[in-house]
Amino acid sequence: MNDIVRLAGRPVIIGGGLAGLMTALELAPEPVVLLSATPLGGEASSALAQGGLAAAIGNDDSPELHLADTLAAGDGLCDETVVRRIVEAAPLAIERLAELGVAFDRDANSVLSLGLEAAHSRRRIVHAAGAATGRELMRALVAAVRNRASITVVEGFAARRLLVEDDAIAGVLAEDGFGSTVFASSRVVIATGGVGGLFRDTTNPLGCFGQGLALAARAGAAFADLEFVQFHPTALDGLLRPMRLVSEAVRGEGAVLIDETGRRFLADLPGAELGTRDAVARGVHRHLARGHRVFLDARACLGKSFADRFPTIAGYCHEAGIDPAQDPIPVRPAAHYHMGGVAVDREGRSTVSGLWACGEVASTGLHGANRLASNSLTEAVVMAGWVARSVAATRDTSRMTTALPPAPMHPDPRDACKIVSSSLGVLRDGESLRQAATALLPIASGNSPAADPAAVALMMAISALGREESRGAHCRSDFPLRSAVARRSHITLDAALQAAASLDFLPIARSA
């Protein structure tokens, strides 16, 4: 207890992935508490990232080109001001990571190697260890965090509720294996990642199922664009969960998608295999739905050099009995990234006083309806700096309390996962979404272990039902056309519960 009292008043960062680590580092030398339910990086999607970070540093590139590519991928829903700020800050973010010890891939002249990914007009993907960028990022940043005396790492504590007094954050209720503890703080940063664990087919750690969104929702925060989930078109098709990712960079090197007959079935798609992720994922999904199998064929473009260029992916393939130098790789779409999240301003502030969000859990306006490949890691690094400056400039008003409110049950996403997987996939329709909302409402309103995951899923389902168009990663079979008016969606948990009870969704999900 004395240790907890000593930490009172310090900013609390929830999450041990890239966004959380960087925010803690950027706050130094101010003392901070970094809460992680697992050992640092243990359940972080960041560690699984393969492609890298997008930054306009090539001689033929510019932030303006990066901006244009991001806006095009975002399909009308990006906040152009936010996009411009982030792409202009991206090159310095790469330098900052290198200062922190990240060993990026370089050529014989020590110049950063740049990869190409879908919907990028230039080679601008900075990567490490071939396709193991996330692993290298986490290695370097975990080491840097552990070496910072100002950062108190508290592992094995899972945040269960945000404490709110007088409409402002007052602390974090957390649990370890022995009981509950309150970390008193008027400044909390949520950096908990995405919602992939709510889907049966996902490339994310199964422990990432929207816990940060649930924390913010129960505290009364507003959310934006929750209906937009990006499905990666080339996850290694097999029984393993989470599914192994076959990076877009493989297609950037010339790999093509074929079916069991050897036909390149997406050759006529704009951009072909390097079209936007949503278009490629839908193409693969529809081909699978017609009874075909789908493979990524890198034999001609990479052949025996595959293992040298992509050692991690080659290892995944060999574990599955596949030699990518000689065999096409079986693939299928899988939930990969959540464009929606806690609605934040340009400093990462949520609508709840004292609460910030950073990384995948936040919705900054960068990604719009469809994230441009490798923009997310860049966003996390850039936003971490802005969030840290905002937190540091905010006066601490916390006071220690010994009163422990009751903690909710340990969350269990299995019930929500069944519903989400069947109704919020690559292709959606109104009837399935209404059925999902009806099934989720009593669970989200209850006190069972399924309540928090169901609350997140309910907000996603209602936002998807309210968007009666197909835009970016959100595709409605009953509304296949893109609306002439581009409008972001906004919602709160209370509004979602009311909407589900009345089946009157449109005013909530379509509010400006």
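Miscellaneous remarks
- The set of residues in the range 41-72 that are surrounded by fewer than 24 Cβ atoms within 10 Å (Cβ to Cβ) and either closer than 18 Å to residue 206 by Cβ or among the hydroxyl-bearing types (Ser, Thr, Tyr) (or both) comprises 41, 42, 43, 47, 48, 62.
- Screening the range 225-319 for helices (runs of 4 or more DSSP H) wholly inside it with 3 or more residues that are out of contact with any Ser or Thr (no Cβ under 9 Å at 6 or more places or on another chain) and either closer than 30 Å to residue 363 by Cβ or of a type in the set (S, T, N, Q) (or both) returns the ranges 277-289.
- Selection of the range 336-357 for residues being touching a residue at least 24 places away in the same chain (Cβ under 8 Å), more than 10 Å from the chain's Cα centre (by Cα) and crowded, with 24+ Cβ neighbours inside 10 Å yields 342, 343, 348, 350, 354, 355, 356, 357.
- Odd one out for residue 289, checked against (1) among the aliphatic types (A, V, I, L, M); (2) more than 25 Å from the chain's Cα centre (by Cα); (3) crowded, with 24+ Cβ neighbours inside 10 Å; (4) under 24 Å from residue 461 (Cβ atoms): (3)
- Scanning the range 194-208 for residues that are at pLDDT 95 or above and among the small types (Gly, Ala, Ser) yields 194, 196, 197.
- Screening residue 75 on (1) closer than 24 Å to residue 472 by Cα; (2) charged (D, E, K, R); (3) outside any loop (DSSP other than H, G, I, E, B) shows it passes everything except condition (3).
- Taking the range 419-461 as the range and being in contact with a Lys or Arg (Cβ under 6 Å, 6 or more places away or on another chain) and surrounded by fewer than 21 Cβ atoms within 10 Å (Cβ to Cβ) as the test, only 421 passes.
- Inter-residue pairs, beta-carbon under 9 Å, first under 17 Å from residue 9 (Cα atoms) and in the same structural domain as residue 356 (by TED's automatic domain parsing) and in the range 159-186, second in a strand (DSSP E or B) and acidic (Asp, Glu), 6+ apart: 159/175; 171/165; 181/175
So that you can scan it fast, the table gives a plain yes or no per residue for (1) at pLDDT below 95; (2) assigned to a helix (DSSP H, G or I); (3) closer than 20 Å to residue 159 by Cβ:
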| residue | (1), (2), (3) |
| --- | --- |
| 415 | no, yes, no |
| 420 | no, yes, no |
| 432 | no, yes, no |
| 440 | no, yes, no |
| 456 | no, yes, yes |
| 504 | yes, no, no |
| 507 | yes, yes, no |
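- Every condition in (1) in contact (Cβ under 8 Å) with a residue 40 or more places away in the chain; (2) out of contact with any Phe, Trp or Tyr (no Cβ under 8 Å at 6 or more places or on another chain); (3) buried (at least 19 other Cβ atoms within 10 Å of the Cβ) holds for residue 126 except the one numbered (2).
- Only one entry of 223, 209 meets the criterion of being farther than 21 Å from residue 47 by Cα, surrounded by 24 or more Cβ atoms within 10 Å (Cβ to Cβ) and not aliphatic (A, V, I, L, M), and that entry is 223.
- Sole exception among (1) at pLDDT 95 or above; (2) in contact with a Gly (Cβ under 7 Å, 6 or more places away or on another chain); (3) farther than 24 Å from residue 335 by Cα for residue 300, by number: (2)
- Test: residue in the range 14-34 that is surrounded by fewer than 21 Cβ atoms within 10 Å (Cβ to Cβ), out of contact with any helix residue (DSSP H, G or I) (no Cβ under 6 Å at 6 or more places or on another chain) and without any contact (Cβ under 8 Å) to a residue 60 or more places away in the chain: no
The values are calculated or read from the model by the stated rules, or taken from the named source; none is laboratory data. Everything numeric in this text was worked out from a predicted model, so none of it was measured. As a convention, Cβ positions derive from the backbone with ideal geometry for all residues, glycine included, and neighbour counts pool all protein chains shown.
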